[in-house]
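One structure is given here, and the rest of the page talks about it.
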Amino acid sequence: MNMNRILNVAFLITLLLLFGCAAKLPAEPEGTAHIVISKEDPPNYCKELGPVEAQHGSGCVGFQTGTYVGAYRILKSQAKSLQANYVRMDAHQFPGQDAHCSSFAYVIRGVAFMCEIPKAQKIEQPVVKTKEKSFLF
């Protein structure tokens, strides 16, 4: 009976090690407060820079469960490295949604853009000339 207890404890410890490990949360990337991440299309004056994909946690091996916050921070870092200031988030994958394996990763896929507001054309203010009047007192 003592052997069964030892095996049960060993089994529980193994389960905790396999499923209880969360991936380390990356730090909030500096200089990314201006980067907008949205499901909406960017304004029409934005230039597409290319696809981005962020994965937090391990894929099919490693047993480190990822989080949305971790993937979001990684996505912001990638956008910063591309000098993007807008990311259209196209898809996200929760841990366990991979069809080929039991994935523990949280994945966000999107497209990075650089959005610069077009410089407004300088509007010339009309010069109004007035006649000077002189008064005699």
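The values are calculated or read from the model by the stated rules, or taken from the named source; none is laboratory data. The shown structure was predicted, so the numbers you read here are calculated from the model rather than taken from an experiment. The accessibility values were calculated without ligands, DNA or RNA, using every heavy atom of the protein model including side chains. Shrake-Rupley method; radii C 1.70, N 1.55, O 1.52, S 1.80 Å.
I'd like the full set of residues that are assigned to a loop (DSSP other than H, G, I, E, B) and closer than 18 Å to Ile108 by Cα, limited to the range 26-56.
Result: Pro26, Ala27, Glu28, Pro29, Thr32, Ile35, Lys39, Glu40, Asp41, Pro42.
Quick one: which residue in Lys76, Lys80 is at pLDDT 75 or above and either open to solvent by 90 Å² or more (accessible area, probe 1.4 Å) or assigned to a loop (DSSP other than H, G, I, E, B) (or both)?
Every option except Lys80 fails the conditions.
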